[in-house]
1. Just the residues that are within 10 Å of chain A (Cβ to nearest Cβ), of a type in the set (F, W, Y) and either in a helix (DSSP H, G or I) or more than 21 Å from the chain's Cα centre (by Cα) (or both), please, taken from the range B:88-130.
2. Are there any pairs with C-beta distances below 9 angstrom linking a residue in the range A:281-295 that is of a type in the set (S, T, N, Q) to a residue that is open to solvent by less than 10 Å² (accessible area, probe 1.4 Å) and modelled with pLDDT under 85, with the two at least 6 apart or on different chains, and if so which?
3. Could you check B:Q137 against (1) open to solvent by 20 Å² or more (accessible area, probe 1.4 Å); (2) more than 18 Å from B:A202 (Cβ to Cβ); (3) outside any helix (DSSP H, G or I) and say which number it fails?
4. Out of all the residues in the range A:782-834, which are of a type in the set (V, I, T), at pLDDT 85 or above and over 23 Å from A:L748 (Cβ atoms)?
5. Against the condition of a type outside the set (S, T, Y), open to solvent by less than 10 Å² (accessible area, probe 1.4 Å) and either more than 30 Å from B:G142 (Cβ to Cβ) or not assigned by TED's automatic domain parsing to the domain that holds A:I724 (or both), how does A:L806 come out, does it pass?
6. Given B:L205, B:L192, which one is more than 14 Å from every other protein chain (Cβ to nearest Cβ) and assigned to a loop (DSSP other than H, G, I, E, B)?
7. Pairs, please: C-beta under 9 Å, at least 6 apart or cross-chain, first residue at positive phi and in the range A:75-94, second open to solvent by 30 Å² or more (accessible area, probe 1.4 Å) and of a type outside the set (S, T, N, Q)?
8. Only one residue in B:L37, B:L80 is part of a strand (DSSP E or B) and either away from every other protein chain (no Cβ under 12 Å) or not aromatic (F, W, Y) (or both). Which one?
Amino acid sequence: MNSGFCWVMKALLSHYWRHPWQTLFLTIGLVAGVALWSAVQIINQHARDSYQEAQNLLGAQAQYWIRNRRDQGIETSVYVELRRAGFRQVFPLVELEVSTAAGVSIKIIATDLLALPDDAFASDEVNEDFADSWLKFVQPPYRAWVPRVLARELDLAAGEQLELRDGRKLPPALIQAREQQGRRVLVDIAAALELSASERLSYLAVGRITANEFIRLQKILPGHLELIENQQHLDLRELTQSLHSHLSAMSLLSFAVGLFIVFNAVRFSLWYRRGTLLNLRLMGCDTRVLLLAILMETLLWSVLGTVLGFGAGILLAQALLPGLGASLQSLYDAVVGTDLGLSPWTLLQAWGISLLGLAWALAWPLYRQLPRRGLQAARSDLLLIDESLARRRLALAGALLAVLALLAYAWIETVTQGFVVLGLLLFAAAWVLPILLAGALRLLAWLLPGRLLLARWMVSDGWSQLPALRSAMMALLLALTANLGVGSLVDSFRSAFVGWLEVRQSADIYLRAPQISHAQLLGLADSSQWLAASHHRIGITTRWRERPTQLRGIDPGAPDSLQLPLSSWQGESAAAALQSWREQPAKVLINEQVHFLAGVEIGEQISLQGDNGIQTYEVVGVFYDYGNPYFQFYLPARELASHWRQHYSRGIALWLNPDNPQAFAQAEASLKTLGAQPGDWIAQAQLRKLSVAIFERTFAITAAMNLLTMIVAAIALLASLLAILQERLPQFAQWRALGLRQSEQLLLVATPLLIFCAIVWLLSIPLGAVLSWILIHKLNVISFGWSMPLLWEFTPALQLALVIGLICGLTLLLVAVQWRRQMPQALAQLGETV
Amino acid sequence: MLAIRNLSKSYRYADARQSVLEQLDFDMVASSSVALLGESGSGKSTLLHLIAGLDHADQGEIHFDGHAIHAARESELAALRRSRLSLVFQQFHLISTLTVLDNIRFQAALCRRLDPAYESELIERLGLGDQTGKYPQQLSRGQQQRVAIARALLHKPLLVLADEPTGNLDESSSIEVMGLFSELVKRAGSSLLMVTHSRSMADFLDRRVYLHNGKLTESE
């Protein structure tokens, strides 16, 4: 690199040193865009890695599971016999859910460390400390290995014992950072059996096993147990893919908003540097040297943006991960660790995307500026012609994108295709915006009477502001549209979900205690006093059309079955369809996931593999099933029990006697009499609270990204206005010299800004509705197989108008402060003589 | 050193073409200075831009220091402007984000002809000694023009092309700056072709030529 090149670089880069605000805004735009994008990438990659790593914890080491066909656990004697028979790769697992004294539900997983395969723990963990804690783990009073994030949430320090709702305590806590543990507490199997007051294991895991051993194991396994291949990892990937695609698309949208800000900042830096570029060329700087310098500048920015953006992305991911991890565990039973593992590939991708963004925003316009001969490059009239031409070209490109989006809409079949259409639509709107703003200025100028000179002047000043505000307005439009669209999706979902919960979770108590049968419960002497109705659900999990599928046997006469909300049905009414399903055994109800994702229609015959061969059913109704990633079929319990003998209990729903104020207490006492432990049942209110909490947690990431996108757009607006101020200061000084007051000047700047913001806001309302409509009726259906009515309210739009007003107010305030600081110098320069 | 033959240039305005230079001939020897006079719009600046290779002629030839400017590629023109030519404009064209010292050194650094002794001399002669750490906009217009002159001369170009270099200054400053400028050009061994409206400025130079109706005539 010769000294001449260094001088060119120095001349180009000195701009950023002398204009720190522009440098700051360019950096913020780039960093925010990269941070939002990389945060989601880090989370997605981390989640996928966690699914893989989950295989390495305890049961997930398993090649096979041994489960009770009736989900009633496994006797410890079976485990002992298998070990005695030489199956050293079999190890036990107990899963429990308990409530803390504070009412927080936590999951416990337990195993026998002595029985684990040798490679169950990574070798780097086998050190002295580990050996010490390992010994304490397996000996009374045992240890509870609590994940760090959960310990923080529960405010639990090392050595403390967590108190449960029934007054018992967990073993002393050892705070752990084991990734694979997720949010589960790990205890020794003996401690877990003490807690559960049962001698039954949840299931057995089978490590690496040869084909011969597998056959031998199958032969000696008691009839009530089954050997199932472990495909949890595959299932998780499949079930969570849509969620991760959604997040990726949202992060790309945020990156696009960030990119507009970069583009905006770059345009200003170009505008200011057109003189420098001209000087360089007048002094004989070669075009190739300039190109190389531009390339170097792009590279420098991309490295800076990537390093800072990726760093900020990690922080953001760390902030968002606990909530999302909890949601993934609740929705999919997917364990996601809380300590981020970073992949160099993600960093490279972040660099690649920032480089591409900058190439578009920085290198391309600079390159276009170069071929202009000499003094032409600096002629402002040419730049104005460029601006008008750019508006027309953008509008044309936007119209083209809109047509493409319309054409592609009919062909949407995957989440990715859906987001491509959304992207086309949003960019189409953004690119058409400048010509609409210009049109609005023309219309207003035409409408305003000639005598309102000051008003006409204020409107006409918009022409001076439009080039500088163009990109910021596009970014604002994207941010507002995304905010309204995604906000409406979440509101619609919340409304549908809460309404659905009220019907689906209408029972007062939900009991999950495999050791208690429905008959036992009904046989209780006092049950008639407190029990109004009950519903015992049975089921099995299988695979249908290559996807995890749940078959459920339900009582057609139970209160929740009679009120089952259907989205579509056979015949005249939902009630008639339910009636036909109750009365005819060859009818089936399917969840929306089966309807939308597998394409099964009402009236279609579906085949299910039963114990005695294929069973065929006619679909008579489709029920809503929010939050369930599985395919699900509802059959009358009798029908399921007769064809799937290995079915197991899915719990009992209890409706309490509304006339008995003591019903809840009596029910709890009765359940305890039958041997149920606290945590085996859950009250309706608590269950709904849990369900809503999962919902809110899942969408917390959406809200956070919406907020960040709005902040980024606000920064763009601020940057643009400050740039206008800087550029036009001499002009403002001239007006001041003519007698214009500061308040009038501020009004002059504010009027076009408010006109533009109002137009952007108005445009974002129908666009947000379209976005929401596509998200709900296309993407949500394709991704998750859920449908819901679109709920559109005007209040969020009004709230956003208020936010825009605040942003504009704050920006104008800063402008006023800047004026007060810089105007005296500008005024002094007006009359300058040598 | 500079030979122009049969040079013509016209511009299109609306639907009509307006001729600015018509089969113009001009010669200039090394280490000489020429004032280019003429009415507004007569084509003086256009002629300067054509010599610097900033614009294309319709026809004719421009030879400078053995190079055919009219036929040169952009990279060759850039190399010539960097090392053999200098341009001084009424608007100074300083790089606002670099200090005065960096601006003065810039072109010499580009063509690797930095000469610390001569740099100090120029700075001293132009009275910029205590201004070198400042930025251009912190200087008066007269001082900015001196910076532009120092930048144009530090690499000792063969020819300095100046387009009304004192047009932005008052009369007394103009005379002072012009005196210094012509003296320093001679000291650098360069030639100077300067566009000016002012007869008094033209008197500082060896020759005066008048551009009228697209042709040059010698003037007393």
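1. B:F106
2. Pairs that qualify, where the first residue is of a type in the set (S, T, N, Q) and the partner is open to solvent by less than 10 Å² (accessible area, probe 1.4 Å) and modelled with pLDDT under 85, are A:T287/A:L370; A:T287/B:A78.
3. So the condition that B:Q137 fails would be (3).
4. A:T795, A:V803
5. no
6. Result: B:L205 is the single residue among B:L205, B:L192 that is more than 14 Å from every other protein chain (Cβ to nearest Cβ) and assigned to a loop (DSSP other than H, G, I, E, B).
7. A:G86/A:E213; A:G86/A:R216
8. Just a single option satisfies the conditions, and that option is B:L37.
The values are calculated or read from the model by the stated rules, or taken from the named source; none is laboratory data. This structure is a prediction, so every number in the text was calculated from the model and none was measured. Using ideal geometry, Cβ is built from the backbone for each residue, glycine included, and neighbour counts are taken over all protein chains shown. Note: areas computed on protein heavy atoms with side chains; ligands, DNA, RNA excluded. Shrake-Rupley method; radii C 1.70, N 1.55, O 1.52, S 1.80 Å.
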